[in-house]
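Read-outs throughout are calculated quantities, based only on the coordinates presented, and are distinct from any laboratory measurement. On a predicted model such as this, the values are computed, not experimentally measured, just so you know. As a convention, Cβ positions derive from the backbone with ideal geometry for all residues, glycine included, and neighbour counts pool all protein chains shown.
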Amino acid sequence: MSVRLFIQAIIKYAFGVLIVGALLFIPATFNYWNGWLFMGLLFIPMFVAGIVLMIKNPDLLKKRLNVKEKQGEQKQVILFSAVMFLFGFITAGLNYRYKWIELPNIVVIISSVVFVLAYILYAEVLRENTYLSRTIEVQDNQKVIDTGLYGMVRHPMYAATILLFLTMPLILGSIISFIMFLIYPIVIAKRIESEEEILEKDLNGYLEYKEKVRYKIIPFVW
């Protein structure tokens, strides 16, 4: 186990907890039960997954910690996503404080279940594809993965993240934030377009894989 990688992971994890907590609880109050529920659903599995990757696949953990995009267009994608989270979380907190629009508890519960299922799907994608990084790139000796979830859609990780991100504002009890988060599928569609251009050019067998698996995110739909 790399001590440097462990420290890097812990620092990023702690930073994430502090930032998300601040964005939620400062606009709201510390009695914001939706916020505590969301923090638990997000960061407890993340901590467990990080420990598992640290022990079993530190190389993949290192790739997932790398968020430095080289392409200008993809930097814009990350910027749009960051702005979405910033305003979405703050709005959710303000929605709780001022009771703008309150969602029924059943919506929060169902969204929490879907969030957990999406997290499991995300973990399965990481298990199936050890080439996954946070940046768009083709790695040395990378091969096309065409089994499991990758035999159904070409980008199961993005399918999982769309489910994760669209359920976040509903767990937080804010339909206004949900509307803001609807920008994410648009952002992902743009990212997939750029990613596939690179994969078609640099990854052997990807064009044949596209012929075999025709759907990007949703089987029989898109």
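What stretch of the chain, leaving out the sites themselves, is the longest with no trypsin sites (Lys or Arg not before Pro) in a DSSP loop having at most 16 other Cβ atoms within 10 Å?
Value returned for the longest uninterrupted segment is 144-213.
As a test of the definition: which semi-axes, in Å, follow for segment 3-212 when you take the square root of five times each eigenvalue of its alpha carbon gyration tensor? Largest first, please.
31, 19, 16
List the residues of segment 10-51 whose backbone N lies under 19 Å from a point placed 7 Å from the Cα of residue 102 along the Cα-to-Cβ direction.
25, 27-38
Which of 168, 152, 54 has the fewest other C-beta atoms within 10 Å, and how do the rest follow up to the most?
152, 54, 168
Rank-order 117-124, 42-49, 156-163 by packing density, defined as the average count of other C-beta atoms within 10 Å over each peptide's residues, highest first. Show your work: numbers first, answer last.
On the way: 117-124: 16.4, 42-49: 14.5, 156-163: 20.5.
Order by mean packing, descending: 156-163, 117-124, 42-49.
Using the number of other C-beta atoms within 10 angstrom as an exposure proxy, rank 220, 30, 6, 85 with the fewest first.
Sorted ascending by nearby Cβ count, the order is 220, 30, 6, 85.
Using alpha carbons only, how many angstrom separate the centre of segment 181-222 from the centre of segment 1-46?
30 Å
Which pairs, out of 75/201; 12/56; 62/210; 190/210; 143/216; 12/143, put more than 23 Å between their alpha-carbon atoms?
As for pairs spanning more than 23 Å Cα to Cα, those are 62/210; 12/143.
Once you have the Cα-Cα distance between residue 113 and residue 7, take 0.36 nm times their residue separation minus that, and quote the gain in nm to one decimal.
Result: 35.0 nm gained on full extension.
Pop a pseudo-label 7 angstrom from the Cα along the beta-carbon direction at both residue 215 and residue 39 and give the gap in nm to one decimal.
Result: 3.8 nm between the two label points.
What does the charge add up to near residue 206, with Lys and Arg as +1, Asp and Glu as -1, over the other residues with Cβ less than 11 Å from its Cβ?
That works out to -3.
Find out how many positive minus negative residues lie around residue 49, taking Lys and Arg as positive, Asp and Glu as negative, among other residues whose Cβ is under 12 Å from that of residue 49.
Numbers: positive: 56, 64, 127; negative: 124.
My count for the surroundings of residue 49 gives +2.
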